[in-house]
Amino acid sequence: MLNDTGSAFYKRHFLTLKDYTPAEILTLVELADAFRKNKKAPVRKPATGCEGMNIALIFEKTSTRTRCSFEVAAHDLGMNVTYLDPTSSQIGKKESIKDTARVMGRMFDGIEYRGYGQEIVEELAKYAGVPVWNGLTNEYHPTQMLADILTIKDNFGSLKGITLAYMGDARYNTGNSLMIVCSKLGLNFVCCAPKKYWPDPALIKQCEEYASASGAKIKFTEDIMEGSRDAQVIYTDVWVSMGEPDYIWAERIHDLEPYRVTMDVMKNAAMDAIFLHCLPSFHDLKTTTGKKISEKFGINEMEVTDEVFESEYSRVFDEAENRMHTIKAVMYATLTGKTTVS
Ligand code: CP
Ligand code: NVA
């Protein structure tokens, strides 16, 4: 629906890609591409319209990419940033989300939220009166999807008909969101995981409706070779997500170890296949968690082997960079209503 600026994006929340049409998603990806070209140009052209605005970043879970992307993108757009870390605000403990939204909405032009249930970011959006951007909830990770789609487009030139195979825990934020974005944009989505890690049936049904409109195919399999065969994109994520209890590691390792992305998986994929991961990733022993898990369970790599992570197949650092360009596009479009860079 258009508003008084004539833009479908102006003052709009960005909470899940279920709320955005395929054309709108592609507009944001193209806008991100324009911002990327602008940033890499010999003389950067300033983007106009956001200068002097103030945004807040609320993180109830930790982050490297998402936080840095919002901060750098905001600074590039001439905005000021206030960061609230997982421990330093009253949110949830001494003040409700509804009250927080009504306070922060008086001070800021836009608010990013990373945290737990999707209902929290929905509540924030309901009462803030300014655009709210979902920087990851248990259920969805929509800004990650724009970066993933931009990266896929960079590698294959087109999106329709590309097959993305997701291996691992497919019923959490990244798996759910990939199924949504692929089915909306006409990419085939293969969920390659033990059945108990497949997405919620209601979401699958909804995505099947998106797929029937876009021409995408959605497939579910427990068979690793069948799932990865001829896929252009092999995607995985951590086996235990932020906020999940430590005791779950044993069960996840038992269930998901066969679904580790190995060279055999990549060789079974399409000739021109790429490997994507939202990151952070446990592909070696250079993290404290990686070391702890190795000592306890005797495994040296988790969802992806170090060999694949460091291989020619891997586009994970392009993907990480694209977080910043795509987040810039989301903030710019929803704060100004504009979808082109001057
Ligand atoms: N991919 C992603 O969201 O990374 P961070 O957790 O570092 O923000
Ligand atoms: N599923 C992961 C994604 C991290 C970007 C998590 O929620 O921790």
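Are any of the residues in segment 133-150 in contact (Cβ under 8 Å) with a residue 40 or more places away in the chain and more than 16 Å from ligand 1 (Cβ to nearest atom)?
No, segment 133-150 contains no residue that is in contact (Cβ under 8 Å) with a residue 40 or more places away in the chain and more than 16 Å from ligand 1 (Cβ to nearest atom).
What number of residues in segment 311-342 are in contact with a Ser or Thr (Cβ under 6 Å, 6 or more places away or on another chain) and charged (D, E, K, R)?
Adding up the residues that qualify gives 4.
Of all residues in segment 139-155, which are within 12 Å of ligand 2 (Cβ to nearest atom) and β-branched (Val, Ile, Thr)?
THR143
Could you look through segment 89-122, keep only residues that are farther than 13 Å from ALA56 by Cα, of a type in the set (Gly, Ala, Ser) and more than 16 Å from ligand 1 (Cβ to nearest atom), and pick out the one that is nearest to the chain's Cα centre (by Cα)?
So the residue we want is GLY117.
What number of residues within segment 224-245 satisfy the criterion of being buried (at least 20 other Cβ atoms within 10 Å of the Cβ), within 16 Å of ligand 1 (Cβ to nearest atom) and farther than 13 Å from VAL261 by Cβ?
1
Conditions first: (1) outside any loop (DSSP other than H, G, I, E, B); (2) of a type in the set (A, V, I, L, M, F, W, C); (3) more than 16 Å from ligand 2 (Cβ to nearest atom); (4) within 30 Å of LYS37 (Cβ to Cβ). CYS68 passes all but one, so which condition is the exception?
With (1) outside any loop (DSSP other than H, G, I, E, B); (2) of a type in the set (A, V, I, L, M, F, W, C); (3) more than 16 Å from ligand 2 (Cβ to nearest atom); (4) within 30 Å of LYS37 (Cβ to Cβ) applied to CYS68, the lone miss is (3).
If I ask for residues that are under 19 Å from PHE275 (Cα atoms) and within 16 Å of ligand 2 (Cβ to nearest atom), which ones from segment 226-243 would you list?
TYR235, THR236, ASP237, VAL238, TRP239 - these are the residues of segment 226-243 that are under 19 Å from PHE275 (Cα atoms) and within 16 Å of ligand 2 (Cβ to nearest atom).
Residues GLU119, GLU123, GLU112: which one is in a strand (DSSP E or B), closer than 19 Å to ARG12 by Cα and among the charged types (D, E, K, R)?
Exactly one of GLU119, GLU123, GLU112 is in a strand (DSSP E or B), closer than 19 Å to ARG12 by Cα and among the charged types (D, E, K, R), namely GLU112.
Going by the conditions given, is ALA101 touching a Phe, Trp or Tyr at 6+ places or on another chain (Cβ under 8 Å) and at pLDDT 95 or above?
yes
Since LEU77 meets every condition but one in (1) touching a residue at least 60 places away in the same chain (Cβ under 8 Å); (2) within 16 Å of ligand 1 (Cβ to nearest atom); (3) closer than 21 Å to LEU335 by Cβ, which condition does it not meet?
(2)
Quick one: ASN300 ticks every box in (1) of a type outside the set (A, V, I, L, M, F, W, C); (2) under 25 Å from ALA147 (Cα atoms); (3) not in a helix (DSSP H, G or I) bar one, so which box is it?
For ASN300, the exception is condition (2).
Hey, among ASP223, ASP246, which residue is out of contact with any helix residue (DSSP H, G or I) (no Cβ under 8 Å at 6 or more places or on another chain), more than 16 Å from ligand 2 (Cβ to nearest atom), of a type outside the set (S, T, N, Q) and farther than 17 Å from TYR140 by Cβ?
Among ASP223, ASP246, only ASP223 is out of contact with any helix residue (DSSP H, G or I) (no Cβ under 8 Å at 6 or more places or on another chain), more than 16 Å from ligand 2 (Cβ to nearest atom), of a type outside the set (S, T, N, Q) and farther than 17 Å from TYR140 by Cβ.
Residues that are of a type in the set (Gly, Ala, Ser): list the helices (runs of 4 or more DSSP H) wholly contained in segment 195-285 that include at least 3 such residues.
Hits in segment 195-285: 201-214.
Here are the criteria: (1) within 16 Å of ligand 2 (Cβ to nearest atom); (2) touching a Gly at 6+ places or on another chain (Cβ under 6 Å). Tell me which single one VAL316 does not satisfy.
Tallying (1) within 16 Å of ligand 2 (Cβ to nearest atom); (2) touching a Gly at 6+ places or on another chain (Cβ under 6 Å), VAL316 fails exactly one: (2).
Please determine, by comparing only the residues of segment 40-71 that are crowded, with 17+ Cβ neighbours inside 10 Å and farther than 30 Å from PRO245 by Cα, which one is nearest to ligand 1 (Cβ to nearest atom).
Going through the qualifying residues, I end up with ILE55.
The values are calculated or read from the model by the stated rules, or taken from the named source; none is laboratory data. In this text, all values refer to a predicted model and were calculated from it rather than measured experimentally. Heads up, the Cβs are rebuilt from the backbone with ideal geometry, glycines too, and the neighbour counts pull from every protein chain shown.
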